[in-house]
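K.L.:
The following block contains the structure, expressed as structure tokens.
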Amino acid sequence: MSKQHNYKLIVKWTGNNGTGTSNYAAFERSHSILIDNKVEILGSSDPAFRGDKTKHNPEDLLLASVSSCHMLWYLHLCTVAGVIVTDYIDNATSIMIETSNGGGKFTEITLHPTVTVANSSMTEKANELHKKANELCFVANSLNFPVCHKPTCITKS
């Protein structure tokens, strides 16, 4: 049985400096992402595209979506498998290339999760579950480029 989940949000441009888009340098790329009952996310474009480096950009948010989706599936799978995770941190990276038409596209995301497990007998299973988490991740399944994994598993001291 297939279930459909619907999501909605508002993206509101906040970068009109008084003359709108009268020229390329006249406006800010600032915007707000608004979702009911959640903290507002302040966004902009990447600084390479005249954005504000202090705000989240769409590229950051895509990478964060993949990383957090993977982590949530992974933690679920570990729980089911009896692997006790006590710490998880991912130093995720991505590559985006600009194309000749002025656009661009992501070519890969690499997740570098460092997972701490309760004891060494859990290490092998902990490492295996990253593959299954990637297979189940909603966001990774929606992409047209690879998501690679370079996990590290350590045992709690």
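K.L.:
In region 81-107, which residue that is loosely packed, with under 13 Cβ neighbours inside 10 Å and of a type in the set (D, E) is nearest to V117 (Cα to Cα)?
P.N.:
Out of the qualifying residues, it is D87.
K.L.:
V66 passes all but one of (1) under 23 Å from C137 (Cβ atoms); (2) in a strand (DSSP E or B); (3) among the β-branched types (V, I, T); which number fails?
P.N.:
It fails just one condition, (2).
K.L.:
Tell me, which residue of region 47-75 that is of a type in the set (F, W, Y) and touching a helix residue (DSSP H, G or I) at 6+ places or on another chain (Cβ under 7 Å) is surrounded by the most Cβ atoms within 10 Å (Cβ to Cβ)? Walk me through how you get there before you give the answer.
P.N.:
Taking region 47-75 and keeping what is of a type in the set (F, W, Y), we get 49, 73-74.
Filter once more, keeping what is touching a helix residue (DSSP H, G or I) at 6+ places or on another chain (Cβ under 7 Å): 73-74.
Values: W73: 21, Y74: 27.
Ranking the qualifying residues of region 47-75, first place goes to Y74.
K.L.:
Right, next: Please indicate, with yes or no, whether at least one residue in region 15-23 is within 29 Å of F138 (Cβ to Cβ) and either outside the structural domain of N91 (by TED's automatic domain parsing) or part of a strand (DSSP E or B) (or both).
P.N.:
First pass over region 15-23, keeping only residues within 29 Å of F138 (Cβ to Cβ): none.
Looking through region 15-23, none of the residues is within 29 Å of F138 (Cβ to Cβ) and either outside the structural domain of N91 (by TED's automatic domain parsing) or part of a strand (DSSP E or B) (or both).
K.L.:
Given the criterion in contact with a Cys (Cβ under 8 Å, 6 or more places away or on another chain) and closer than 30 Å to Q4 by Cα, identify the matching residue among E108, E128, E135. Break it down stepwise before answering.
P.N.:
Values: E128 fails: in contact with a Cys (Cβ under 8 Å, 6 or more places away or on another chain); E135 fails: in contact with a Cys (Cβ under 8 Å, 6 or more places away or on another chain).
The match here is E108.
K.L.:
Any idea how many residues of region 96-135 are outside any helix (DSSP H, G or I) and either under 17 Å from H76 (Cα atoms) or more than 13 Å from the chain's Cα centre (by Cα) (or both)? Break it down into steps so the answer makes sense when it comes.
P.N.:
So in region 96-135, the residues outside any helix (DSSP H, G or I) come out as 96-119.
Adding the requirement that they be either under 17 Å from H76 (Cα atoms) or more than 13 Å from the chain's Cα centre (by Cα) (or both) leaves 96-105, 107, 113-119.
Adding up the residues that qualify gives 18.
The values are calculated or read from the model by the stated rules, or taken from the named source; none is laboratory data. Quick caveat, the model's predicted, so the values are computed rather than measured. Note: ideal-geometry Cβ built from the backbone for every residue, glycine included; neighbour counts use all protein chains shown.
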